[in-house]
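Below is one structure, written out as structure tokens, with a few remarks after it.
The values are calculated or read from the model by the stated rules, or taken from the named source; none is laboratory data. As the structure is a prediction and not an experimental result, all values here were calculated from the model. All Cβ positions, even for glycine, are placed from backbone atoms using ideal geometry, and neighbour counts span all protein chains on display.
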Number of protein chains: 2
Amino acid sequence: MNFCSSCAQPVTWQVPEGDSRPRHVCVSCGTVHYQNPKMVVGTIPVWGDQVLLCRRAINPRHGFWTLPAGFMENGESTAQAGARETLEEANARIELLDLYTLYSIVQVDQVHFYYRARLLDLDFSPGVESLEVALFHEQDIPWDTLAFRTVSVTLKHFFEDRARGHFPLHTGVLPPLR
Amino acid sequence: MNFCSSCAQPVTWQVPEGDSRPRHVCVSCGTVHYQNPKMVVGTIPVWGDQVLLCRRAINPRHGFWTLPAGFMENGESTAQAGARETLEEANARIELLDLYTLYSIVQVDQVHFYYRARLLDLDFSPGVESLEVALFHEQDIPWDTLAFRTVSVTLKHFFEDRARGHFPLHTGVLPPLR
């Protein structure tokens, strides 16, 4: 951020009066430009004992496999965001179940949510952001070509919990890669 | 948003190529300025059978009572945000317990999180954003002067669940006021 989005004057990086941390501040019009973490919401769409994954047609991680997920938008709930992303990326209709994983990724200022979900039919297909969409049995999950760590963590929890027969919420922090 | 924060030229409100919804777009440098919902994180600090509340010294809802909570900042986890806000608003040290309520408030583009928490000592006091901080028994909760609906909803769940002896996660959407 170089300029004030209200008045187009240059911004400075300083601690606003009464605040405790530096922000982008416009010294011309006084606007403080707060920046906050973003939410990424996705689902684990299940059909029988198979899980739906999408192969990404966009960067980052073009060509890698992911659960359907994306940035939550203004004007929707977390649950709506998960269902929308599943429809957009996989043209898949789901019954949304409980929130299942919630991980903070501090180094990129994101919080990732995954809901369990039940696919309502097999009429899915790649959305514009996917190269292909497919169902995987546990033994066929492409662990080495998954796009994001929260996808791996969520799938690992899912298969462990499925073996035990219950699905508690998992929350935590994804540590930096090194 | 009137001007591009990268190059200071005026922005337009249009659907970027390959996107499905309008954004603030700079036609000069091509930057798309995404706006996404924000997270508010707080705690329910408990001491014995009492709950800690803060009376707000700032707007909105100056003078009303709230659980300690505030906007999640870049560079922290949801759990750290809850503990930080509790320290800032009430100078209170806590042991953070499980995530307890998670509500989307679609009309203001926010998601509110509350964690259960155990106060570690009685050495609390008003932070700069609080007029006073106090412990309340259930029968003394100032229901008519609570600052926010997610505070009321969280406290109602809390006292109901405490009577039952277990505290499941509650998630949902806060409907518009009318």
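Every test in (1) touching a Phe, Trp or Tyr at 6+ places or on another chain (Cβ under 8 Å); (2) within 13 Å of another protein chain (Cβ to nearest Cβ); (3) surrounded by fewer than 18 Cβ atoms within 10 Å (Cβ to Cβ) is passed by B:Arg61 save one, and that test is (2). Among the residues that make up segment B:170-178, is at least one of them without any contact (Cβ under 8 Å) to a residue 24 or more places away in the chain, basic (Lys, Arg) and part of a loop (DSSP other than H, G, I, E, B)? Within segment B:170-178, one or more residues are without any contact (Cβ under 8 Å) to a residue 24 or more places away in the chain, basic (Lys, Arg) and part of a loop (DSSP other than H, G, I, E, B). Please work out if B:Ser104 is surrounded by 15 or more Cβ atoms within 10 Å (Cβ to Cβ), within 14 Å of the chain's Cα centre (by Cα) and free of Cβ contacts under 8 Å to residues at least 12 places away in the same chain. For B:Ser104, the condition - surrounded by 15 or more Cβ atoms within 10 Å (Cβ to Cβ), within 14 Å of the chain's Cα centre (by Cα) and free of Cβ contacts under 8 Å to residues at least 12 places away in the same chain - is not met.
Against the numbered list (1) buried (at least 17 other Cβ atoms within 10 Å of the Cβ); (2) within 20 Å of A:Asp49 (Cβ to Cβ), A:Phe113 comes up short only at (2).
Could you please let me know if A:Leu96 is closer than 16 Å to A:Val51 by Cα, surrounded by fewer than 22 Cβ atoms within 10 Å (Cβ to Cβ), within 11 Å of chain B (Cβ to nearest Cβ) and touching a residue at least 12 places away in the same chain (Cβ under 8 Å)? Yes, satisfied.
Any residue that is free of Cβ contacts under 8 Å to residues at least 60 places away in the same chain and in the same structural domain as A:Asp123 (by TED's automatic domain parsing) - is there at least one of those in segment A:9-30? Show your work before the answer.
Restricting attention to segment A:9-30, the residues satisfying the condition of being free of Cβ contacts under 8 Å to residues at least 60 places away in the same chain are A:9-30.
Filter once more, so that each one left must be in the same structural domain as A:Asp123 (by TED's automatic domain parsing): none.
Scanning segment A:9-30 turns up no residue that is free of Cβ contacts under 8 Å to residues at least 60 places away in the same chain and in the same structural domain as A:Asp123 (by TED's automatic domain parsing).
Within segment B:99-149, how many residues are of a type in the set (S, T, N, Q), within 14 Å of chain A (Cβ to nearest Cβ) and either within 13 Å of B:Thr86 (Cβ to Cβ) or part of a loop (DSSP other than H, G, I, E, B) (or both)? Working first, answer last.
Applying the first criterion (of a type in the set (S, T, N, Q)) to segment B:99-149 yields B:101, B:104, B:107, B:110, B:125, B:130, B:139, B:145.
Those left that are additionally within 14 Å of chain A (Cβ to nearest Cβ): B:101, B:104, B:107, B:110, B:130.
Within this subset, residues satisfying the condition of being either within 13 Å of B:Thr86 (Cβ to Cβ) or part of a loop (DSSP other than H, G, I, E, B) (or both) are B:130.
Adding up the residues that qualify gives 1.
Among residues that are crowded, with 22+ Cβ neighbours inside 10 Å, of a type outside the set (Lys, Arg) and within 24 Å of A:Tyr100 (Cα to Cα), B:Val151 is included. Residues that are within 7 Å of another protein chain (Cβ to nearest Cβ) and part of a strand (DSSP E or B) within segment B:1-58 comprise B:Phe3, B:Lys38, B:Met39, listed in sequence order.
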